[in-house]
Amino acid sequence: LSPPHFPHSPSPRPLMTKLLFVCLGNICRSPAAENIMNHLADQAQISTQIECDSAGTANYHTGNPPDRRMQAAATKRNMPMTGSARQFTKADFIAFDLILAMDCENYQNIIALDPQGQYRDKVKLMCDFATNHSDQEVPDPYFGGAEGFDYVMDLLTDACSGLLAQLESTEFKNV
């Protein structure tokens with residue numbers, strides 16, 4: 001007997017990959033990563049397959065737009081910088097396929113909200129996807145000058161490009 005053949009079986013590939021970028025206050029690094037990834041997905045013509053959002057582990061800036069210095073760094077690169085700060089919640093574990101922490105402290109704060117480790121495999125460090133930078137963490141530019149924001153934009157562009165390449169090689173084949 002041969003195994004059953006299902007010519008119209010559904011693809012295991014998700015219709016939409018949901019990404020959440022997380023930093024401390026959600027006005028510098030994580031909204032930059034969200035906007036960069038949206039920009040790269042638009043350029044790759046896969047924006048209908050990726051949904052991006054960002055959040056902070058703290059509620060310092062809830063409702064605020066991205067920091068004006070991060071907006072200026074994005075403008076130099078002809079990238080939009082939109083968003084409204086919000087705090088990470090436990091519901092985000094269910095709502096998103098991948099949660100990308102900007103540094104180890106935020107990574108620890110995120111997984112602390114998942115004491116059973118049920119969603120730990122969804123939480124990654126953003127710099128794990130960088131291919132041209134050796135940084136282990138995305139530095140917080142908040143207390144520095146414009147050059148810090150420019151560096152973070154470059155680092156996040158590298159990491160988002162690496163993440164997008166990985167997603168394209170696994171999730172978006174034959175789409």
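The values are calculated or read from the model by the stated rules, or taken from the named source; none is laboratory data. Everything numeric in this text was worked out from a predicted model, so none of it was measured. A quick note on method: Cβ atoms are made from the backbone with ideal geometry, for glycine too, and the neighbour counts reach across all protein chains shown. When the accessible area is computed, the model is the full protein with side chains, heavy atoms only, and any ligands, DNA or RNA have been set aside. Shrake-Rupley method; radii C 1.70, N 1.55, O 1.52, S 1.80 Å.
Summary of computed values
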read-out	value
Candidate set: the range 105-132, residues that are of a type in the set (A, V, I, L, M) and assigned to a helix (DSSP H, G or I); chosen: the one farthest from ARG29 (Cα to Cα)	ALA112
PRO31 assigned to a loop (DSSP other than H, G, I, E, B) and surrounded by 24 or more Cβ atoms within 10 Å (Cβ to Cβ)	no
The range 52-70, subset touching a Ser or Thr at 6+ places or on another chain (Cβ under 8 Å) and closer than 25 Å to LEU15 by Cβ, residue surrounded by the fewest Cβ atoms within 10 Å (Cβ to Cβ)	ALA55
Unmet criterion (only one of (1) among the acidic types (Asp, Glu); (2) part of a helix (DSSP H, G or I); (3) touching a residue at least 60 places away in the same chain (Cβ under 8 Å)) for ASP140	(2)
Condition check for PRO115: touching a Gly at 6+ places or on another chain (Cβ under 8 Å) and over 20 Å from ILE50 (Cβ atoms)	no
Residues that are at pLDDT below 95 and either assigned to a strand (DSSP E or B) or under 11 Å from ILE27 (Cβ atoms) (or both), drawn from the range 41-59	none
Every residue from the range 1-28 that is modelled with pLDDT under 95 and either among the aliphatic types (A, V, I, L, M) or crowded, with 20+ Cβ neighbours inside 10 Å (or both)	LEU1, LEU15, MET16
Evaluation of GLN166 against (1) in contact (Cβ under 8 Å) with a residue 24 or more places away in the chain; (2) in a loop (DSSP other than H, G, I, E, B) (one fails), failing number	(2)
Within the range 142-169, considering residues that are charged (D, E, K, R) and in contact with a His (Cβ under 9 Å, 6 or more places away or on another chain), the one least open to solvent (accessible area, probe 1.4 Å)	ASP158
Candidate set: the range 71-95, residues that are assigned to a helix (DSSP H, G or I) and of a type in the set (S, T, N, Q); chosen: the one least open to solvent (accessible area, probe 1.4 Å)	GLN71
Residue match in the range 108-123 (condition: open to solvent by 30 Å² or more (accessible area, probe 1.4 Å), hydrophobic (A, V, I, L, M, F, W, C) and closer than 27 Å to ALA165 by Cβ)	no
Among the residues listed as ASP140, ASP158, ASP128, ASP121, the single one being of a type outside the set (A, V, I, L, M, F, W, C), farther than 26 Å from THR62 by Cβ and more than 14 Å from the chain's Cα centre (by Cα)	ASP121
